[in-house]
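First the structure, in the form of structure tokens, and then the observations on it.
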Amino acid sequence: MNDSRNRMLAAMALQQPDRVPVMCQMSIGHMLQQLDLSPVDFWFDCETFARGLLELRRLYRFDGILVSLHGHSPDWRDQVLTVDRKDDQYLARLKDRTYVFSRVDLPQVVYDSEPAPPSIAEVQLASIPGLIDYIPVSQGLHFAIDPQQPFTIFRQLQDATEGRYSIHGEVTSPFDYFLDLLGIENALMALIEHPDESHAILQRFTAAITALTTAMCREAIDAIKISSPFAGMGFISPQFYSEFVAPYERQVIVAVRSADKFVYIHTCGAIDDRLELMEQAGASGLECLDPPPLGNVQLADAIRRIGKTMFIKGNIDSVNTLLYGTNEDVEREVTKIILQGKGASGFILSTACSIAPQVPRGQVQRLVSLAESHGGY
């Protein structure tokens, strides 16, 4: 079982592959700095985005490909009125907004007239679509999902790779949609002051996300990542996690597992106090497990606590190890993680969170070599 896809499938199924598989998610900034592609095209154009993902997989020899954006509009060029270059920035003008692109981060979006987020009393449940039609990439930055071609990119990648690599889709947690809708501060206050209304909105989002997820599972993918970056200790307590996050992510997880796909949760930062709560949600795996100082998870302890029931994907410090560390630091830390990770029933070597934009290409290229040297079973 030594081809990339089977290696990933074995690890996710808590079985033993030939060696530890390697698959990192990458920040948009890091991707763009490695690719000779227009950042405007990379964001809006399906074929360009797919080409970039394939090139990065080849460059780093990863065993899988994560598709973080899907549903690109085939008519996007008709929607972009002008594209201007200003120094190292690209300004893409649309009807009611301007996207400011660079090669170091996500695009910034400036609306001509951006309304204030609604209060929870103003939210109409009927305004949340039955099938979710956008990705809340960050506060104010949405990626629209074309309703006619929501999953074209998966088919392009499948055709290009002929099943040799593990392709993963991504959806966003209902809790993130809730925060995006109301604004983080107002949303967190609403959990305390208006719990019933909060639950109603979360359930409406969950139904819409589950519908999208169920449709995505019909594509030739192996797993779906649930992006839930705001569910760590820095945002909500374990009690609120149990009430406002886990029940809704569990519904998405059930839909994915019912379709015989793997599903894993991605939560950044400090999550040491909720590892078992995440395990109880029923996901196949858990991603990030940020080590100190980015988070507070010790890999060996996490393996002891949840490593027999969930695959673990992590937990290289992208900043302090890959960005600021010496070659010796990278070899020492990554080798340690590989050896510890092999103690889990299923382990995938990865950066804890995204590869930071400025991480040198050579440091990322070393990961597979280290897995080949130290990750055999």
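Data overview
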| read-out | value |
| --- | --- |
| Cut-off 11 Å between beta-carbons: net charge of the residues surrounding Glu219, Lys and Arg +1, Asp and Glu -1 | +2 |
| Among the listed pairs Lys225/Lys261; Lys261/Lys336; Lys261/Lys342, those beyond 19 Å (Cα-Cα) | Lys261/Lys336; Lys261/Lys342 |
| Highest-first arrangement of 352-360, 152-160, where packing means the average Cβ count within 10 Å | 352-360, 152-160 |
| Normalised contact order of the chain, rounded percent, pairs of Cα under 8 Å and 6 or more residues apart | 21 |
| Cα-derived Rg over Rh, computed across the stretch 142-284 with Rh taken as Kirkwood radius | 0.99 |
| Which labelled figure in (1) 75, 32, 17; (2) 30, 26, 20; (3) 38, 22, 20 is semi-axes √(5λ) of the Cα gyration tensor in Å, once derived from the coordinates | (2) |
| Sorted by Cβ density within 10 Å, fewest first, the residues Arg5, Arg274 | Arg5, Arg274 |
| Partner lysines for Lys95 [C-alpha distance under 26 Å; skip if fewer than 8 residues away on the same chain] | Lys86 |
| Using θ = phi - 60° and Karplus 6.51 cos²θ - 1.76 cosθ + 1.60, couplings along the stretch 38-45 (whole Hz; Gly, Pro as x) | 5, x, 5, 5, 4, 7, 8, 9 |
| Sites Leu277 and Arg85 - FRET efficiency at Förster radius 45 Å, r taken between beta-carbons, to 0.05 | 0.40 |
| Sequence-distant residues sharing a close amide H with Ala352 (under 5 Å, placed H) | Ile316, Asp317, Ser318 |
| Sequence-distant residues sharing a close amide H with Ile135 (under 5 Å, placed H) | Phe143, Ala144, Ile145 |
| Sorted by Cβ density within 10 Å, fewest first, the residues His168, His374, His194 | His194, His374, His168 |
| Chain lengthening between Asp3 and Ser138 when straightened (0.36 nm per residue, less Cα-Cα) | 45.1 nm |
| Computed lengthening from Leu59 to Thr326, 0.36 nm per intervening residue step minus Cα-Cα distance | 94.0 nm |
| R0 of 30 Å, Cβ-Cβ distance Gln15-Lys336: FRET efficiency to nearest 0.05 | 0.80 |
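No lab work stands behind these numbers, since they all come straight from the coordinates. Note that the coordinates shown come from a computational prediction; the quantities given were computed from them, not determined experimentally. All Cβ positions, glycine included, derive from the backbone under ideal geometry; neighbour counts span all protein chains shown.
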